[in-house]
Amino acid sequence: MTDAPLDLLVFGPHPDDLEIGMAGTIARYAAEGRRVGLCDLTRGEMGSNGSPEERVAEAEAARAVLGAAVRVNLGLPDGWLRPDDPEHVRIVAECIRRLRPRTIAAPYWRDRHPDHVTASRLVTHAAFKSGLRRYTTAAGEPWRADWVCYYFINNDTPPSFVVDVSAHYARKR
């Protein structure tokens, strides 16, 4: 996937979620020369808007506009993310080990959409497992991000921190 570690790896349950919640931050970090990666857990095949192929193509176009270094889609089943499924955890942990992010951003754990809630739990679980020496995956060496933070998609909880994206908001839109 990539040789150099990422400064930020943003996970989204479906193509478009990370743009809704984090596009301004992604654009800002990329413009500052930081290596940003994007990871969609599913292809959004249960969604009402567009086909999975259209959503994946739009996601790649968004990656280019935002300036992210890499975007991957793990192809997990939309509507059936399972944070307690060892195979789902392994797939996400392998992605983390390959991309070696300093910071991971995942959806906030309270949201009206069940996939956003389970994606939060899945990424949190995988981020922990990826750092364990005795947790074996095909991706090799353990990797622990310095920080796991959470972003809002459909939530109005007061944030614990805010990133000023004013100068990059036009790119987000």
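Find the residue count for segment 118-173, including only residues that are part of a loop (DSSP other than H, G, I, E, B), open to solvent by 30 Å² or more (accessible area, probe 1.4 Å), over 16 Å from ILE20 (Cβ atoms) and not aliphatic (A, V, I, L, M).
Residues that pass the stated criteria total 14.
What tally of residues in segment 80-100 results from selecting those that are farther than 20 Å from ASN155 by Cβ and in contact with an Asp or Glu (Cβ under 7 Å, 6 or more places away or on another chain)? Don't jump to the end; show me each part of the working.
Start the filter on segment 80-100 by keeping residues that are farther than 20 Å from ASN155 by Cβ, which leaves 80, 82, 84-100.
Next cut, in contact with an Asp or Glu (Cβ under 7 Å, 6 or more places away or on another chain) only: 97.
Looking only at that region, the number is 1.
Within segment 76-94, is there a residue that is buried (at least 18 other Cβ atoms within 10 Å of the Cβ), at pLDDT 95 or above and touching a Phe, Trp or Tyr at 6+ places or on another chain (Cβ under 8 Å)?
yes
Under 6 Å between Cβ atoms, at least 6 apart or on separate chains: pull out the pairs that start in segment 32-45 with a residue that is in contact (Cβ under 8 Å) with a residue 40 or more places away in the chain and end on any residue that is surrounded by 24 or more Cβ atoms within 10 Å (Cβ to Cβ) and part of a strand (DSSP E or B).
GLY37/LEU6; GLY37/LEU9; CYS39/PHE11
Any idea which of GLY50, GLY33 is more than 24 Å from ALA127 (Cβ to Cβ) and at pLDDT 95 or above?
Details: GLY50 fails: at pLDDT 95 or above.
Exactly one of GLY50, GLY33 is more than 24 Å from ALA127 (Cβ to Cβ) and at pLDDT 95 or above, namely GLY33.
Any idea which residue in segment 13-29 is most open to solvent (accessible area, probe 1.4 Å), counting only those that are more than 17 Å from SER48 (Cα to Cα) and touching a Gly at 6+ places or on another chain (Cβ under 9 Å)?
First pass over segment 13-29, keeping only residues more than 17 Å from SER48 (Cα to Cα): 18-19, 21-29.
Restricting the remaining residues to those that are touching a Gly at 6+ places or on another chain (Cβ under 9 Å) gives 18-19, 21-22, 26-27, 29.
Values: LEU18: 0, GLU19: 33, GLY21: 27, MET22: 20, ILE26: 0, ALA27: 2, TYR29: 52 Å².
Only one residue tops the list, namely TYR29.
Within the group ARG71, ARG102, which residue is open to solvent by 60 Å² or more (accessible area, probe 1.4 Å), within 21 Å of TRP147 (Cα to Cα), touching a residue at least 12 places away in the same chain (Cβ under 8 Å) and not aliphatic (A, V, I, L, M)?
Residue meeting the stated conditions: ARG102.
The values are calculated or read from the model by the stated rules, or taken from the named source; none is laboratory data. Quantities reported herein were computed from a predicted structural model and do not represent experimental measurements. For neighbour counting, all protein chains shown are included, and Cβ atoms are generated from backbone atoms with ideal geometry for every residue, glycine included. When the accessible area is computed, the model is the full protein with side chains, heavy atoms only, and any ligands, DNA or RNA have been set aside. Shrake-Rupley method; radii C 1.70, N 1.55, O 1.52, S 1.80 Å.
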